[in-house]
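The values are calculated or read from the model by the stated rules, or taken from the named source; none is laboratory data. Only a predicted model underlies this, so the values are computations on that prediction, with no experimental measurement involved. No Cβ is skipped: glycine too gets one built from the backbone with ideal geometry, and neighbour counts run over all protein chains shown.
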């Protein structure tokens, strides 16, 4: 992506069952941090942007504690895979697949994201 | 207690010494403890202990530390251990053992490991009060008690290995000590004349009197029957208050004799190659009570262990695991009274046509002899004064050394002196002779079982867990093997940085790097550069940058620019995340002193926002249950009332707790509240490797519990004492005194230096208590650096702290005054006015608590399993 694009009013969208849902402006996302967005059905999504401006979206609910906090976790790269670590008990989740890196039996929903 | 025939087969072990314990382990390893009832009859009042290290009792090792087993091993394997209850009779016909207590045990297999007893020469007076032997912990306790109460002089009969240890122990108890040895030299079994001479000189230099070539003829007693001296065979008399007989040991075979088992002419239960008695296939004998098939009784622990394994293998009767014991190497290496003594192989040169290579330096107490065969084979040797080469030489025994024998005994400094590392050894060379572990096995532990440290290798192979004499060689071998296989112990901070936190601190400071990205791309591991870092390095680097902010020109506000992305959620929202996603708020209450008006403000805010309130251990008030979007509203009111951030969310100074001090307390000698407030305000906001807690007590009664803090201050009549490295929590540690009777200014200067030195050198999330234990030199080093300025860095440390103090700003005041910064405080980016529905509360005891059932709704069905893994 180029700098010029960032200055435009790009929207972050994620794919739901019935089409693309606009969550927020790209500018609302700080590289390396997440935000939470509320979906029409009441579910919550954690949106992230990495330093290369790639976007990710996973369910905001931490499956280990039930709290809606994954958007507030720290992100990082592990073996070239982006992840977020839950701020509560620190389990890491792959941002592309939603898989928990510390417990193979657990995963969170991952969403397809795009800018438009 | 008699098992019915046809029940689980029973193994009865008589004797629970070192060899007996090893036998039990060998049974367990072969699964025999699961298939058999195992009964152990132990005469001594305690289970097996390390008899080889007996003397270390006098250097402070407790009987518990000498123990070779714990209740766990015994219980885990269902072993019935009866201590203080020796076997009295054996009925081989009925296959029953009767113990002293009267208990009768039927056996299928009987194993005798009764050990040996000290030989006491039949001299008149040998049973007088003040005469002892040196064999058990109970013997040592008795010697210690008598020596302390009644003796100033002690004599040891016997100048062998144990005799020297006993003499050293007597000397250690403050007695003038004598050694009486019948042979013309000390340690006649292990060393030759030359070695004996070197040993004699060193022992005499220690202040022990040695009498060789004389026998003991009579123990002289007073009217009460207590020892006063001994008559020697040369006609002289030696005055002494205490006598220890250490004139060798004899096999304890009486039980065997009584039940008709064959014993040797000079004692010892006669056994075959499998350690089975020649008289009865159901009875085995192992250790010092057994007469091996080569006609010898072995008094060393290593052959005893081998016999234990052999007997266990025979009992298991597994054809693939059959061992034989046909004799053993008598090599020994000891440290006696601080002198290394070792002998190995054919130490006395009994092989036909063998030659000696001798190096001797009586002045330095050194004697080294190698016995070489005609073809150049190393046959054995003796080392006195320096046994460093023992491990290598013993392993080379039986082969032709790769360098000339002369060079192996010359001291290291000499021109042609050669040092053969363990790398020169063949794989089959035995490194640990106690457990018969070869070099190949040790290498395998590193290459195949991924051991990277000596303790791991010890656990994996048992090498070095016997007498310990091979541990040095073991260490070099493990290092060499690690190096060869390219394994390097990674001390890096995380997968992104190969440097330690301390190294990163130095890089950030020297190069004035103000961003994590910059640091990662320039100094990160190759494959991590350009990436996003991780949850370990991001906050750690953020902390370093924050600690050094004024010095490196970074913004002191932790949420500025890229720094915002590095912070843990607590730092990111300047509050403490709780289990349901809500936050708690802690305003600073310096020194725990608060005016009523401010108390009322806190009460009003908590009431208006419906928060749960609790008094903390650090003398302040925590308000729980705030949603993200409420934080700025709460803080707007707190800041308005004159409160500032308490940094309860940060790895930074928390509180400086205080007692009420001399102002009110009739015992107080200094104004502890004022000092606590001064310190808290000076160090507030200081980011550090972990949280920092402090306290100030106004007198030695220590009501503020200052010694459980990272830095604690206790008032004295003339100033303040500074303690550092204390901790409460799971691993409590009392703080150590760093300096005494300091003035106010001296105290502050020292705390400045101490904290900055800690911040500079500690690992990530390493509290001062752990740091103090870890850093080389410990407290003494820290004192040298911060009190005596041994590194010349105190000016810099003080300057860094001055910069921190000068640049401190309240994070919350800055945040509530900046609309851009406030934007992050919403639950949803697309619905800023909607609260997170998961954050809900129910009432309890007139306050709120999180609605926990709500949290668990919709979690995976296997919630219990999840909880388990979450707690790992």
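Descriptive notes on the structure:
- The residues listed here are B:40, B:90; of these, the one that is at pLDDT 95 or above, crowded, with 17+ Cβ neighbours inside 10 Å and farther than 20 Å from residue B:21 by Cα is B:90.
- Annotation: residue B:146 fulfils all but one of (1) outside the structural domain of residue B:272 (by TED's automatic domain parsing); (2) in contact with a helix residue (DSSP H, G or I) (Cβ under 9 Å, 6 or more places away or on another chain); the unmet one is (2).
- Looking across the stretch A:1-28, just one residue is closer than 22 Å to residue B:517 by Cα and modelled with pLDDT of 90 or more, and that is A:26.
- Residue selection: residue B:778 satisfies the criterion of being within 31 Å of the chain's Cα centre (by Cα), without any contact (Cβ under 8 Å) to a residue 24 or more places away in the chain and farther than 30 Å from residue B:630 by Cβ.
- Residue within the stretch B:188-200 that is assigned to a loop (DSSP other than H, G, I, E, B), under 42 Å from the mean Cα position of the chain (by Cα) and modelled with pLDDT of 90 or more present: no
- In the stretch B:792-832, the qualifying residues are those that are under 29 Å from residue B:577 (Cβ atoms), free of Cβ contacts under 8 Å to residues at least 24 places away in the same chain and not in a loop (DSSP other than H, G, I, E, B), and the one that is farthest from the other protein chains (Cβ to nearest Cβ) is B:819.
- Test for residue B:79: is it closer than 21 Å to residue B:289 by Cβ and buried (at least 18 other Cβ atoms within 10 Å of the Cβ): yes
- Residue in the stretch B:854-872 that is within 14 Å of another protein chain (Cβ to nearest Cβ), within 30 Å of residue B:555 (Cα to Cα), outside any loop (DSSP other than H, G, I, E, B) and modelled with pLDDT under 90 present: no
- Segments classed as helices (runs of 4 or more DSSP H), wholly inside the stretch B:454-572, with at least 1 members that are surrounded by 17 or more Cβ atoms within 10 Å (Cβ to Cβ) and touching a strand residue (DSSP E or B) at 6+ places or on another chain (Cβ under 7 Å): B:454-461, B:471-484, B:537-552
- Every residue from the stretch B:306-335 that is under 35 Å from the mean Cα position of the chain (by Cα) and under 24 Å from residue B:382 (Cβ atoms): B:306, B:328, B:329, B:330, B:331, B:332, B:333, B:334, B:335
- A single member of B:566, B:577 is within 13 Å of another protein chain (Cβ to nearest Cβ) and at pLDDT below 90, and it is B:566.
- Filtered residues of the stretch B:619-674 (kept if in a helix (DSSP H, G or I), without any contact (Cβ under 8 Å) to a residue 40 or more places away in the chain and outside the structural domain of residue B:706 (by TED's automatic domain parsing)): B:630, B:633, B:637, B:640
- Scanning the stretch B:833-853 for residues that are facing chain A (nearest Cβ under 10 Å), in contact with a strand residue (DSSP E or B) (Cβ under 7 Å, 6 or more places away or on another chain) and either free of Cβ contacts under 8 Å to residues at least 40 places away in the same chain or assigned to a strand (DSSP E or B) (or both) turns up B:834, B:850.
- Strands (runs of 3 or more DSSP E) wholly inside the stretch A:6-83 that include at least 1 residues being surrounded by fewer than 18 Cβ atoms within 10 Å (Cβ to Cβ), more than 10 Å from chain B (Cβ to nearest Cβ) and more than 10 Å from the chain's Cα centre (by Cα): A:11-16, A:19-25
- Scanning the stretch B:639-659 for residues that are more than 41 Å from the chain's Cα centre (by Cα) and surrounded by fewer than 24 Cβ atoms within 10 Å (Cβ to Cβ) yields B:639, B:640, B:641, B:642, B:643, B:644.
- Being over 25 Å from the mean Cα position of the chain (by Cα), surrounded by fewer than 22 Cβ atoms within 10 Å (Cβ to Cβ) and in a strand (DSSP E or B) is a property that does not hold for residue B:789.
- Index of the failed condition, residue B:410 passing every other in (1) at pLDDT below 80; (2) touching a strand residue (DSSP E or B) at 6+ places or on another chain (Cβ under 9 Å); (3) at positive phi: (3)
- Qualifying residue in the stretch B:828-835 (condition: in contact with a helix residue (DSSP H, G or I) (Cβ under 7 Å, 6 or more places away or on another chain), crowded, with 17+ Cβ neighbours inside 10 Å and more than 21 Å from residue B:587 (Cβ to Cβ)): yes
- The number of residues in the stretch B:735-769 that are free of Cβ contacts under 8 Å to residues at least 40 places away in the same chain and either over 21 Å from residue B:677 (Cα atoms) or not assigned by TED's automatic domain parsing to the domain that holds residue B:796 (or both) comes to 1.
- The lone exception for residue B:722 - which of (1) out of contact with any helix residue (DSSP H, G or I) (no Cβ under 9 Å at 6 or more places or on another chain); (2) at negative phi it fails: (1)
- Residue in the stretch B:587-603 that is away from chain A (no Cβ under 14 Å), crowded, with 24+ Cβ neighbours inside 10 Å and in a helix (DSSP H, G or I) present: yes
- Test: residue in the stretch B:219-242 that is at pLDDT below 90, within 19 Å of residue B:176 (Cα to Cα), assigned by TED's automatic domain parsing to the domain that holds residue B:132 and surrounded by 22 or more Cβ atoms within 10 Å (Cβ to Cβ): no
- Residue within the stretch B:727-748 that is touching a strand residue (DSSP E or B) at 6+ places or on another chain (Cβ under 7 Å) and part of a helix (DSSP H, G or I) present: yes
- Listed by position, the strands (runs of 3 or more DSSP E) inside the stretch B:102-175 whose residues that are surrounded by fewer than 23 Cβ atoms within 10 Å (Cβ to Cβ) number at least 2 are B:104-106, B:116-118, B:131-133.
- With respect to the conditions (1) under 23 Å from residue B:529 (Cβ atoms); (2) more than 10 Å from chain B (Cβ to nearest Cβ); (3) touching a residue at least 40 places away in the same chain (Cβ under 8 Å), residue A:94 lacks only one, and its number is (3).
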